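The values are calculated or read from the model by the stated rules, or taken from the named source; none is laboratory data. Because the structure is predicted, anything quoted here is derived from the model rather than measured. All Cβ positions, even for glycine, are placed from backbone atoms using ideal geometry, and neighbour counts span all protein chains on display. Areas reflect the complete protein model, heavy atoms only, side chains present, ligands, DNA and RNA absent. Shrake-Rupley method; radii C 1.70, N 1.55, O 1.52, S 1.80 Å.
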Amino acid sequence: MYLEVKGLKKKYGNSSNTVQVLKGIELSVQKGQMCVIQGTSGSGKSTLLNCIGGLETIDEGSVKVSGKEIFGLSPSALSDYRRDNLGFIFQFYNLVPNLTVRENIKVCEYLTSSPLDIDELIKTLGLTEHQNKFPSQLSGGQQQRCAIARALIKNPKLLLCDEPTGALDSATSRDILILLEEINAKYGTTMLIVTHNNSIKDMVHKVVFVKDGLVVKQYENKTRVPAAELEDL
Ligand SMILES: Nc1ncnc2c1ncn2[C@@H]1O[C@H](COP(=O)(O)OP(=O)(O)O)[C@@H](O)[C@H]1O
Ligand SMILES: [Mg+2]
């Protein structure tokens, strides 16, 4: 199993005012799988993704990525873990505003000794003619494609996506999902896609439903619907 989460607990707050957000999450994802984590707003999806991604500390339990335990790592070991394994995509892109598209991607090229070919990646993402523009000169979909290129340039083993289509219209969402599908097929990237949309789950290998900080259901799709054919995006 590539990703294995067991008994994961996480609370926020102090002794007088605590919110137990994750109450003992159990989930597993195989190498090369695309996995949707679906749940309503406030169910703990982002917190879960951030714990797996080493952006939040874990209170109790175990998160193993490729056999390596994340729980209890020091901040610098967590930083190494993120650099060596992960790519992140967020709902609101988080691009550096005063860098061009190409420069935003370039910044992350230096994080690895074996990056993907930047020109090929820019082409794959349909950004060739936009590569010298600044984020403010791009549409939302183009900005998200830039954010995806930035996450992918170091060819991460695990791509963590938090509501990647949350700010996009239906047609643009579809383009982004088709792209993620192509990247999964081309590079075998394992992906966790957090969403509250009810359609995206049909295109992935594995589906995990989160409710009130617990996994209430998980299953593997026997047949997948290509992103191009998804309804109600
Ligand atoms: N940094 C934080 N401090 C306090 N409470 C938080 C923090 N982050 C999230 N929460 C709370 O944890 C719960 C789950 O949040 P979140 O993981 O963002 O859910 P989702 O992504 O499913 O909408 C919510 O009640 C939210 O208010
Ligand atoms: Mg969230």
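Working only within segment 88-98, note down all residues that are modelled with pLDDT of 95 or more, surrounded by 16 or more Cβ atoms within 10 Å (Cβ to Cβ) and away from ligand 1 (no atom under 16 Å from the Cβ). The answer is Leu95, and nothing else. For Gly44, the requirement of being on the phi > 0 side of the Ramachandran plot, under 16 Å from the mean Cα position of the chain (by Cα) and surrounded by 15 or more Cβ atoms within 10 Å (Cβ to Cβ) is met.
Here is a yes/no grid of residues against (1) over 21 Å from Leu55 (Cβ atoms); (2) within 16 Å of ligand 1 (Cβ to nearest atom); (3) within 17 Å of the chain's Cα centre (by Cα); (4) at pLDDT 95 or above:
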| residue | (1), (2), (3), (4) |
| --- | --- |
| Asp117 | yes, no, no, no |
| Ala147 | no, no, yes, yes |
| Arg150 | no, no, yes, yes |
| Ala171 | yes, no, no, no |
| Ile176 | yes, no, yes, no |
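If you check Lys222 against the conditions, is it open to solvent by 40 Å² or more (accessible area, probe 1.4 Å) and within 28 Å of Leu116 (Cα to Cα)? For Lys222, the condition - open to solvent by 40 Å² or more (accessible area, probe 1.4 Å) and within 28 Å of Leu116 (Cα to Cα) - is not met. Answer with yes or no whether Lys10 is touching a residue at least 40 places away in the same chain (Cβ under 8 Å) and not in a strand (DSSP E or B). Spelling it out, it is not the case that Lys10 is touching a residue at least 40 places away in the same chain (Cβ under 8 Å) and not in a strand (DSSP E or B).
Within segment 190-217, the set of residues being more than 16 Å from ligand 1 (Cβ to nearest atom) and closer than 19 Å to Leu48 by Cβ comprises Thr190, Met191, Val204, His205, Lys206.
When segment 18-38 is examined, which residues are found to be open to solvent by 30 Å² or more (accessible area, probe 1.4 Å) and assigned to a loop (DSSP other than H, G, I, E, B)? Gln30, Lys31 - these are the residues of segment 18-38 that are open to solvent by 30 Å² or more (accessible area, probe 1.4 Å) and assigned to a loop (DSSP other than H, G, I, E, B). Within the option set Glu56, Glu26, Glu69, being within 18 Å of Arg82 (Cα to Cα), more than 15 Å from ligand 1 (Cβ to nearest atom) and not polar (S, T, N, Q) holds for one residue only, Glu69.
Kindly indicate whether Asp162 is touching a helix residue (DSSP H, G or I) at 6+ places or on another chain (Cβ under 8 Å), open to solvent by 60 Å² or more (accessible area, probe 1.4 Å) and touching a residue at least 24 places away in the same chain (Cβ under 8 Å). Against the criterion (touching a helix residue (DSSP H, G or I) at 6+ places or on another chain (Cβ under 8 Å), open to solvent by 60 Å² or more (accessible area, probe 1.4 Å) and touching a residue at least 24 places away in the same chain (Cβ under 8 Å)), Asp162 does not qualify.
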